[in-house]
Amino acid sequence: GQVEKKAEGKVQKQICRVVLDHFEKQYTAELGDAWSRVRDVLTSPWCWQHALLLNRFSPSPGLESSLAEQGYHPAFPAALPYLPAAFRCYSRTAPGRFPAQKHQPGRLKGYYLLNAASLLPVLALEVQDGEHVLDLCAAPGGKSVAILQCACPGHFHCNEYDDLRSRWLEQTIESFIPDPLINLITVSKLDGRQIGDLQPEFYDKVLVDAPCSNDRSWLFSADPQQAALRLMQRKELSSLQFQLLRSAVKALRRGGSLVYSTCTLSRAENSDVINLLLSSCSNVMPVDISGMARGVSQEFTFLSGTQQHELLVLPEKGRAWGPMYVAKLKKVS
Ligand code: SAM
């Protein structure tokens, strides 16, 4: 691996050569020129940005003015039709990290630190008050928390298969959601592939934030052998993603919709999986999200030439959000 150095000479995380070489081949073929700009951001962690999603259930006096003093601005334009008034997210162009809040039992946190692109699947889901909502792959819970900033579902089922991560999810929910509302939430530890059969035709909205190749973190894998193994097993992810989507479709009631998201640029885990689902399920239709993409185009750079039901956020200098793929589908019968 090659040691990346910050301008002032501090040693940074090491880039994993096998992963970079693999991405270089695949993403040059899939993204063309755009890849070299994306690569520059992904391999320069000192350029990475983060956003703060404020917790509407725990307003912190002075937080918003202190954010403004530090150069933060609202990440989403206020006038977006699908953006609830209570939804407050701040970002800034300059890198650097706002301090994370420690978990303190019995105390709600004031904000969640995230990659602003993670909010796009949640906005695309357009959850309305009273709806039955399923977050199929929910840990550590960033998107579950964001969904609850947007609306108050009638019932909210957050699922996570992994034991440890499921505990992490529970802790996130406890840290952000107050008492009466928390009773609307069920946390389960099921294999998401089974939920469709366990609760068929039940949900108005399902989020499938799928397990995927995590391009950003894979590039900094500490163990090259483990990284090479992951790259080899990468193909199996598409089939898991497809099965999770099939389960999500089963779990939806007629007229309900689902959003699929990943944090990889890989076409095999993005459009290919969605296209396979569309061609194999006659009761599933694409939903146009291009209006949403246009509405947030100030803050995000999207790959051009994608279809209307999907978007791919490409990290760029000063807008280092993503990678994030989002697609929206509807169950019509
Ligand atoms: N939505 C989360 C958030 O915003 O904080 C991130 C989810 S992460 C991309 C995908 C999650 O899916 C991982 O926590 C992983 O453990 C979980 N997972 C993997 N296989 C699963 C399965 N078969 N069923 C449900 N969850 C699964």
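The values are calculated or read from the model by the stated rules, or taken from the named source; none is laboratory data. This structure is a prediction, so every number in the text was calculated from the model and none was measured. Because the Cβ atoms are built from the backbone with ideal geometry, glycine has one as well, and the counts that use them run over all protein chains shown. The accessibility values were calculated without ligands, DNA or RNA, using every heavy atom of the protein model including side chains. Shrake-Rupley method; radii C 1.70, N 1.55, O 1.52, S 1.80 Å.
Residue 161 passes every criterion in (1) crowded, with 22+ Cβ neighbours inside 10 Å; (2) within 19 Å of the chain's Cα centre (by Cα); (3) not polar (S, T, N, Q) apart from (1).
Looking at the range 200-237, which of the residues that are polar (S, T, N, Q) and more than 14 Å from the ligand (Cβ to nearest atom) is most open to solvent (accessible area, probe 1.4 Å)? The residue in question is 225. Count of the range 238-247 residues, restricted to those that are within 19 Å of residue 190 (Cα to Cα) and either more than 15 Å from the ligand (Cβ to nearest atom) or out of contact with any strand residue (DSSP E or B) (no Cβ under 8 Å at 6 or more places or on another chain) (or both), is 6. Does residue 311 satisfy the criteria of being in contact with a Leu (Cβ under 8 Å, 6 or more places away or on another chain), assigned to a strand (DSSP E or B) and either within 16 Å of the ligand (Cβ to nearest atom) or free of Cβ contacts under 8 Å to residues at least 60 places away in the same chain (or both)? In short, no.
Is there a residue in the range 196-213 that is over 28 Å from residue 13 (Cβ atoms), over 22 Å from the mean Cα position of the chain (by Cα) and assigned to a helix (DSSP H, G or I)? Within the range 196-213 (the criterion being over 28 Å from residue 13 (Cβ atoms), over 22 Å from the mean Cα position of the chain (by Cα) and assigned to a helix (DSSP H, G or I)), the answer is yes, since at least one residue qualifies.
Of everything in the range 113-142 that is more than 13 Å from the chain's Cα centre (by Cα) and of a type outside the set (A, V, I, L, M), the residue that is surrounded by the most Cβ atoms within 10 Å (Cβ to Cβ) is 132. Within the range 248-263, residues that are at positive phi and more than 16 Å from the ligand (Cβ to nearest atom) have Cβ atoms under 9 Å from residues that are open to solvent by 30 Å² or more (accessible area, probe 1.4 Å) and of a type in the set (D, E, K, R) in these pairs: 255/330, counting only partners at least 6 apart in sequence or on another chain.
Does residue 85 satisfy the criteria of being open to solvent by 40 Å² or more (accessible area, probe 1.4 Å) and under 22 Å from residue 73 (Cβ atoms)? Taking the combined requirement at face value, the residue satisfies it.
How about the range 111-150: which of its residues are within 8 Å of the ligand (Cβ to nearest atom) and of a type in the set (Gly, Ala, Ser)? 118, 138, 139, 141, 142, 144, 146, listed by residue number. Within the range 48-74, residues that are under 23 Å from residue 317 (Cβ atoms) and touching a residue at least 12 places away in the same chain (Cβ under 8 Å) have Cβ atoms under 9 Å from residues that are part of a helix (DSSP H, G or I) and open to solvent by 50 Å² or more (accessible area, probe 1.4 Å) in these pairs: 72/64, counting only partners at least 6 apart in sequence or on another chain.
Selection within the range 179-193: residues that are among the polar types (S, T, N, Q) and not in a loop (DSSP other than H, G, I, E, B). The member of this set that is surrounded by the fewest Cβ atoms within 10 Å (Cβ to Cβ) is 186. Considering the range 266-297, the residues that are open to solvent by 20 Å² or more (accessible area, probe 1.4 Å) and of a type in the set (A, V, I, L, M) include one that is nearest to residue 76 (Cα to Cα), namely 287. Here residue 271 fulfils each of the conditions (1) among the hydroxyl-bearing types (Ser, Thr, Tyr); (2) within 16 Å of the ligand (Cβ to nearest atom); (3) under 21 Å from residue 120 (Cα atoms) apart from (2). Residues in the range 303-313 that are open to solvent by 10 Å² or more (accessible area, probe 1.4 Å) and touching a helix residue (DSSP H, G or I) at 6+ places or on another chain (Cβ under 6 Å): 308 only.
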